[in-house]
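Below is one structure, written out as structure tokens; comments come after it.
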Amino acid sequence: MVDLTQIMDDEVFMAFASYATIILSKMMLMSATTAFYRMTTKVFANPEDCVTFGKGENAKKYLRTDDRVERVRRAHLNDLENIVPFLGIGLLYSLSGPDLSTAILHFRLFVGARIYHTISYLTPLPQPNRGLSFFIGYGVTLSMAYRLLKNKLYL
Amino acid sequence: MVDLTQIMDDEVFMAFASYATIILSKMMLMSATTAFYRMTTKVFANPEDCVTFGKGENAKKYLRTDDRVERVRRAHLNDLENIVPFLGIGLLYSLSGPDLSTAILHFRLFVGARIYHTISYLTPLPQPNRGLSFFIGYGVTLSMAYRLLKNKLYL
Amino acid sequence: MVDLTQIMDDEVFMAFASYATIILSKMMLMSATTAFYRMTTKVFANPEDCVTFGKGENAKKYLRTDDRVERVRRAHLNDLENIVPFLGIGLLYSLSGPDLSTAILHFRLFVGARIYHTISYLTPLPQPNRGLSFFIGYGVTLSMAYRLLKNKLYL
């Protein structure tokens, strides 16, 4: 039987595991942030969520949209759209035997750019803060995809 | 050459593979549920989807939103937002050599909580059914993330 | 220490890595397409994105929704909802020792169907082009899930 814990002895894979866990935990924070804004501003999407604030017609006034809540939801969706490719491509890239320092540079840039993207989106900071951080994360993922396809293409 | 099928001999990994496949299949059911509601209530998002029900202006009345369809779509998006971190963190956690019974407890709790979340969302059950099932799944993922970062952090 | 680059010597895994990278890169193109449509039609979701086109009240008129932009966003979300299960189930399936030609058939069908789905969605082509390509991708993923659960179920 193979000893799977050996996989975690690989330094590139361990680095990927650490950065992937950090950025996924950050993404999970967006759910908590949405819930927090919904509670504090009393803005809900489901009738059953606002029964504590009133019954019947009285409850319906809480079924609305709010700029702050929608902003967090857009940031969350943007995270999903960008972190899913990073996870998939990054995992395969980590297994393709890249140089340790190059790999860590990719992971750090991506995680840093996505954290800055969230800050830019929620503050909000003026453009091009959010645009630039988006494109850095985007470019990092494409760079890993390019390296994977260049070395290991098998169709 | 490494024999990859050995990886599947690892019991924790096999358990992860089983639970991950089950919860992803459940998530895929949400697409079918959305399609089913769209067909039965004739509520569509694209003009080309409703040409069988009428042409021109007559077709446009089917381009609308509906509470039931939007509810399924919200449940589907919530699934995505929570199952993606579970997949990423759970995969890495499975490779980090956890105790078999602890790992299976995590996987079972997550899958059970997410299935109950869908039932609560679509019935809908009164709160805090949905809220609690959300937080159980959330907590399970954070618990795996914590264990990963505690043991294997490499930045 | 295990040599991780050996994993990439496995032909099924290499094929999965190639197809997964291609379809994730295609999905990333959707972000660029959304940005392109937003720029050319001047349709934005955030006030800070349209300050270059005017200040104050003048900028607010760019905060609107547009059919083309919403169409790309729906296609993008549909990609996410289908590519995430493919990635998770496909990765585990690749590790479960399938027949090489069967595995490649699965991957090719999925990637082809999803590319055709995007073309059908954005052109848009009349139904059932988009519906059929959706169900081919859906069926491929379920077929891999079935094979996984049949051979390797461990609950």
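So, with +1 on the Cβ of K and R and -1 on the Cβ of D and E, and no other charges, what is the size of the charge dipole of the range C:39-110 about its Cα centre, to the nearest 20 debye? Intermediate values should be presented prior to the final figure.
Working: 10 positive and 9 negative charges, 72 e Å.
Roughly 340 debye for the range C:39-110.
For the residues C:F53, C:F36, C:F13, a GNM of chain C with alpha-carbon springs under 10 Å puts the largest fluctuation on C:F53. Largest GNM mean-square fluctuation among C:A75, C:A17, C:A113, using chain C with Cα springs under 10 Å: C:A17. Scaled against 2.2 N^0.38 Å for its residue count N, the alpha carbon radius of gyration of the range C:111-153 is 1.43.
Between C:Y146 and A:L105, the modelled label-to-label distance comes to 4.8 nm, taking each label 7 Å out from Cα in the direction of the beta carbon.
For chain A, what is the calculated [θ] at 222 nm in deg cm²/dmol (nearest 500), taking -39500 (n - 2.57) for each run of four or more DSSP H residues and dividing by its residue count? Don't skip to the answer; put the middle values down first.
Numbers: 5 runs with 111 residues, N = 155.
One gets -25000 deg cm²/dmol as the mean residue ellipticity at 222 nm.
What size of dipole, in debye to the nearest 20, comes out for chain C about its Cα centre when the only charges are +1 on Lys and Arg C-beta atoms and -1 on Asp and Glu C-beta atoms? Don't skip to the answer; put the middle values down first.
On the way: 17 positive and 13 negative charges, 147 e Å.
So the dipole magnitude of chain C works out to roughly 700 debye.
The local environment of C:V140, defined by Cβ-Cβ distances under 13 Å, has a net charge of +3 under the rule Lys, Arg +1 and Asp, Glu -1. For the range B:29-134, the spread of Cα positions along the three principal axes, ordered from largest to smallest, is 62, 31, 15 Å. For the range C:63-114, the set of trypsin sites (Lys or Arg not before Pro) satisfying both a DSSP loop assignment and a count of at most 13 other C-beta atoms within 10 Å is given as C:R64. A dipole drawn for the range A:18-81 from +1 and -1 charges on Cβ atoms has a positive end, and of A:T40, A:L77, A:Y19 the residue lying farthest that way is A:T40. When the convex hull of its Cα atoms is viewed from all sides, the protein assembly as shown shows a mean projected area of 22.5 nm².
Take A:R64, move 7 Å from Cα toward the beta carbon, and the resulting point lies 2.4, 2.4 nm from the same point in each other copy, nearest first. Restricting the calculation to Cα atoms, the range C:77-155 yields a radius of gyration followed by a Dmax of 13.5, 44 Å. Partner aspartates and glutamates whose Cα lies under 19 Å from the Cα of B:K61, excluding those fewer than 8 positions away in the same chain, are identified as B:E48, B:D49, B:E70, C:D66, C:D67, C:E70. Label point of B:F53 set 7 angstrom out along Cα-Cβ; within the range C:111-136, amide nitrogens under 16 Å from it belong to C:127.
Working from label points 7 Å from Cα in the Cα-to-Cβ sense, the B:T123 to A:L155 distance is 5.0 nm.
Extension gain for the segment A:I115 to A:A35, taken as residue separation times 0.36 nm less the Cα-Cα distance, is 26.9 nm to one decimal.
Since every read-out is calculated from the coordinates, none of them should be taken as a lab result. Every value quoted in this text rests on a predicted model; they were computed, and no experiment measured them. Here Cβ is always computed from backbone atoms with ideal geometry, including for glycine, and neighbour counts include all displayed protein chains.
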